1. Pairs under 7 Å by beta carbon, first residue under 14 Å from ILE348 (Cβ atoms) in the stretch 321-333, partner surrounded by 11 or more Cβ atoms within 10 Å (Cβ to Cβ) and not hydrophobic (A, V, I, L, M, F, W, C), six or more apart or different chains?
2. Can you tell me which residue in the stretch 220-231 is nearest to the chain's Cα centre (by Cα), limited to those that are open to solvent by less than 40 Å² (accessible area, probe 1.4 Å) and of a type outside the set (A, V, I, L, M)?
3. Exactly one of these conditions fails for LEU51: (1) of a type in the set (A, V, I, L, M); (2) in contact (Cβ under 8 Å) with a residue 60 or more places away in the chain; (3) crowded, with 23+ Cβ neighbours inside 10 Å. Give me its number.
4. Got at least one residue in the stretch 148-163 being over 22 Å from GLN8 (Cα atoms) and modelled with pLDDT of 95 or more?
5. Which one is nearest to the chain's Cα centre (by Cα) among residues in the stretch 232-266 that are exposed (fewer than 15 other Cβ atoms within 10 Å of the Cβ), farther than 26 Å from GLU64 by Cα and of a type in the set (Val, Ile, Thr)?
Amino acid sequence: MKLDLNIQPLNTWIKTGKEPLVIAGPCSAETEDQLVATAHLLANTGRVTALRAGIWKPRTRPGEFEGIGSIGLEWLKRAKAETGLPTTVEVATGKHVEEALKAGVDILWVGARSTVNPFTVQEIADALKGVDVPVMVKNPVNPDLSLWIGALERINNAGITKLAAIHRGFSSYEKTAFRNEPMWDIAIHLKTLAPNLPLICDPSHISGNRDLIGYISQKALDLDMQGLMIESHIDPSVAWTDAKQQVTPSALVDIIDRLTLRKPETRDAEVNDKLTELRNNIDKIDDLIIQKMAERMNIAEQIGNYKKDNNITILQINRWDEILNKRVNYGKALKLHPDFTEKLLELIHSESIRKQTEVMNKDVAGQAADKLHV
């Protein structure tokens, strides 16, 4: 089911052009000179659409730098006046919203640590009622699409129609190459539910490493995301927060120059005809897959009946391990990624267990129903 969001197109509230929308600026506003100097360098590139800076910083542990506070808003006003760049900051309380709007901040964003808490989002939404300002909502820290959607709905219900989502990745207990796992499938799912919702990627927080920002940026654009939010500092080596994921303004230009911009569709009749032919082939195969899945589940149901009659448990680990190892290796031979094959098998296995559980407990469910009608 599609999300019922009342949204204005992105190009009605922020400058868009042929190049990707780029929001850039330091992770934290540290000093007035640092922020204004960085803003000038970014503006001079001609590639930056809006200036971002962290004024209030929600930190994991006490004692860490939690932002310069309200005084930083005055620095942003100066940066905007001197460069012409619209400004954007993160807000985490109703008071932040009031102060940012009073200071003339052009765009607000709700951070990942706020999105995870509906009470916090509602407080921000209440402060936004009656206000006409663009708001961007980052995904929650944990991989929960419902929380992300809920935050967007709360802000939209407050009357904010200039709305966008920011994909910044998700926390994971396992350490990988990324600071936050991209989990692109969650962002894609949101995009399918709300096709008109602008989706912007934050490759800085996904990567946690400036060397990966270009790779993540290209992936985001290839997935038809409308822009990028990249942290940029005049001298990242001395940044007070997240130094490893910030780039200089000149390095930012280099990243943008290396990006390949692709279109979501084409008017070339020959290309469209070929795509239609290939997609028709996929549709035929998908129909066959669904048919075979139905046949497989019918056999699983028969197995469930046989197990029930012979008092055999539903789950048999040795059999599952055998299937998993054999099919993953077979998939490798057919050039399927092991992770894909394993996830597919897990879904199939889960449905098989559900079917067999239904068979095993059919009599119990019937007895319970009879008692309810007594």
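1. LEU324/GLU342; ARG327/THR341; VAL328/PRO338; VAL328/THR341; VAL328/GLU342; GLY331/PRO338; GLY331/THR341
2. Once the filter is applied, the top-ranked residue is GLY227.
3. The single condition LEU51 does not satisfy is (2).
4. So the first thing to find is which residues in the stretch 148-163 are over 22 Å from GLN8 (Cα atoms), and the list is none.
No, there is no match, as no residue in the stretch 148-163 is over 22 Å from GLN8 (Cα atoms) and modelled with pLDDT of 95 or more.
5. Pass one, the stretch 232-266, residues exposed (fewer than 15 other Cβ atoms within 10 Å of the Cβ): 235, 237-238, 244, 250, 254, 257-258, 260-266.
If we keep only those that are farther than 26 Å from GLU64 by Cα too, we end up with 250, 254, 257-258, 260-266.
From the residues that got through so far, the ones that are of a type in the set (Val, Ile, Thr) too are 260, 266.
On the way: THR260: 21, THR266: 26 Å.
Checking each candidate, the answer is THR260.
The values are calculated or read from the model by the stated rules, or taken from the named source; none is laboratory data. A quick note: this is a predicted structure, and the numbers were derived from the prediction, not measured. Here Cβ is always computed from backbone atoms with ideal geometry, including for glycine, and neighbour counts include all displayed protein chains. The protein model used for the area step is the full one, side chains on, heavy atoms only, and it has no ligands, DNA or RNA in it. Shrake-Rupley method; radii C 1.70, N 1.55, O 1.52, S 1.80 Å.
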